[in-house]
Amino acid sequence: MFSYSQKLKSSQLIQPIFIEEGLKSPKIIKGLGQNYSHTLKSAKKMIESDLKRGVKNFIFFIVPKKKQSRPQNFDFHYKSLSNIKKKFGKRIIMIVDTCLCSITTDGHCGITHHNKINLKETHKSLGLAALTFINAGADIIAPSDMMKGTTKYLKSLFNKKKINTPIMSYSTKFFSSFYGPFRNAAKSSPKKFDRSSYQLPVNDRKKALQSSITNAKQGASFLMVKPGITSIDLIRDIKNKTKLPTGAYQVSGEYASLQYLSKHKLGDFKKLYKESLTAIHRAGANFIITYGARDIAKNL
Ligand code: PBG
């Protein structure tokens, strides 16, 4: 899956889908073109139309209404994912973003205690989430929390339960200002303190490589750099060191910046967008998570 080819192919693109509990109708996400916070019903309609437009791979972000300080209840996730998998079956690859930031009361990616992450509790909760998503039909689990040892924890949990669902790790994820539009949609802006204690500093190349290598050793099947354009110099090095398929997440702020250029008549969106994806592909990305997969899949 996600093999590299000389020319970028639609099978290498992954389209994000947001599903938010309690919505009466889909709500446009500011800055992200035709991306919506969906109801379950509108998400299914969107996926149906995306399939026609040549998109098969989806990453799901599920946003429950009720926040929990120690997340244990993933019922809304289960209901949404299983419903979608039942409808589409093998016609879609269902990747599920596995993080706590859309469900914790303080918007952090882990469970906090006195303004610090409690690792043990966080892993337990993420493990529960991952098993729930797999029961619902997830094809790939994508932990994006960036906590120490999450991949290792999930891998050993899966091994114990004889589960062989692959892990797509957000293995080199920077502390970045490019996540703005996403955080609005995922309702995941952190309160009280920022994410710099668990996301990577932009200036440290060694740490950035090491983070992916560590995740590979811990059992990830797919690696990723994030944001895309600001991290593409790392992709080939990560691949050479780990021999694993490595992709890039062209994040919300990157995609939105292209939308803004075109909105203000400072560039042609289609050309800007294609150029940005081509550069990420040239850098060696095996797959690209991108908000416009549906718009470009048939025009690559
Ligand atoms: C949450 C998560 C984030 C993104 C994907 N998963 C936000 C963050 O880390 O703050 C960002 C995606 C985007 O900006 O498009 N763990």
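Some observations on this one:
- Yes/no for residue 130 being closer than 28 Å to residue 211 by Cβ, assigned to a loop (DSSP other than H, G, I, E, B) and modelled with pLDDT of 95 or more: no
- Residue check: residue 278 meets all listed conditions (1) crowded, with 22+ Cβ neighbours inside 10 Å; (2) out of contact with any helix residue (DSSP H, G or I) (no Cβ under 9 Å at 6 or more places or on another chain) but one, namely (1).
- Picking from residues in region 145-164 that are at pLDDT below 95 and not aliphatic (A, V, I, L, M), the one that is surrounded by the most Cβ atoms within 10 Å (Cβ to Cβ) is 145.
- Some residue of region 241-255 being out of contact with any helix residue (DSSP H, G or I) (no Cβ under 9 Å at 6 or more places or on another chain), more than 16 Å from the ligand (Cβ to nearest atom), under 24 Å from residue 96 (Cα atoms) and not in a helix (DSSP H, G or I): no
- Residue identified as within 24 Å of residue 37 (Cα to Cα) and of a type outside the set (A, V, I, L, M, F, W, C) among 243, 206, 191, 239: 191
- Residue count, region 194-240 (criterion: within 13 Å of the ligand (Cβ to nearest atom) and part of a loop (DSSP other than H, G, I, E, B)): 8
- Failed condition for residue 298, given (1) buried (at least 23 other Cβ atoms within 10 Å of the Cβ); (2) more than 19 Å from residue 178 (Cβ to Cβ): (1)
- Unique residue being at pLDDT below 95, more than 23 Å from residue 81 (Cβ to Cβ) and either of a type outside the set (Asp, Glu) or in contact with a Lys or Arg (Cβ under 6 Å, 6 or more places away or on another chain) (or both) when the list is 194, 106: 106
- Residue count for region 66-108, restricted to those that are part of a helix (DSSP H, G or I) and touching a residue at least 60 places away in the same chain (Cβ under 8 Å): 1.
- Test: residue in region 30-39 that is touching a residue at least 24 places away in the same chain (Cβ under 8 Å), within 30 Å of residue 118 (Cβ to Cβ) and in contact with a helix residue (DSSP H, G or I) (Cβ under 6 Å, 6 or more places away or on another chain): yes
- Check on residue 216, over 30 Å from residue 118 (Cβ atoms), among the aliphatic types (A, V, I, L, M) and in contact (Cβ under 8 Å) with a residue 12 or more places away in the chain: no
- Verdict on residue 235 being at pLDDT 95 or above, touching a Ser or Thr at 6+ places or on another chain (Cβ under 9 Å), crowded, with 22+ Cβ neighbours inside 10 Å and over 28 Å from residue 63 (Cα atoms): yes
- Failed condition for residue 184, given (1) within 18 Å of residue 16 (Cβ to Cβ); (2) in a loop (DSSP other than H, G, I, E, B); (3) in contact with a Ser or Thr (Cβ under 9 Å, 6 or more places away or on another chain); (4) within 16 Å of the ligand (Cβ to nearest atom): (2)
- Test: residue in region 149-171 that is hydrophobic (A, V, I, L, M, F, W, C), free of Cβ contacts under 8 Å to residues at least 60 places away in the same chain, within 11 Å of the ligand (Cβ to nearest atom) and not in a helix (DSSP H, G or I): no
- Unique match (being of a type in the set (A, V, I, L, M, F, W, C), closer than 27 Å to residue 121 by Cβ, within 15 Å of the ligand (Cβ to nearest atom) and in contact with a helix residue (DSSP H, G or I) (Cβ under 7 Å, 6 or more places away or on another chain)) among 74, 61: 61
The values are calculated or read from the model by the stated rules, or taken from the named source; none is laboratory data. Bear in mind the structure is a predicted one, so any value in this text is a computation, not a measurement. A quick note on method: Cβ atoms are made from the backbone with ideal geometry, for glycine too, and the neighbour counts reach across all protein chains shown.
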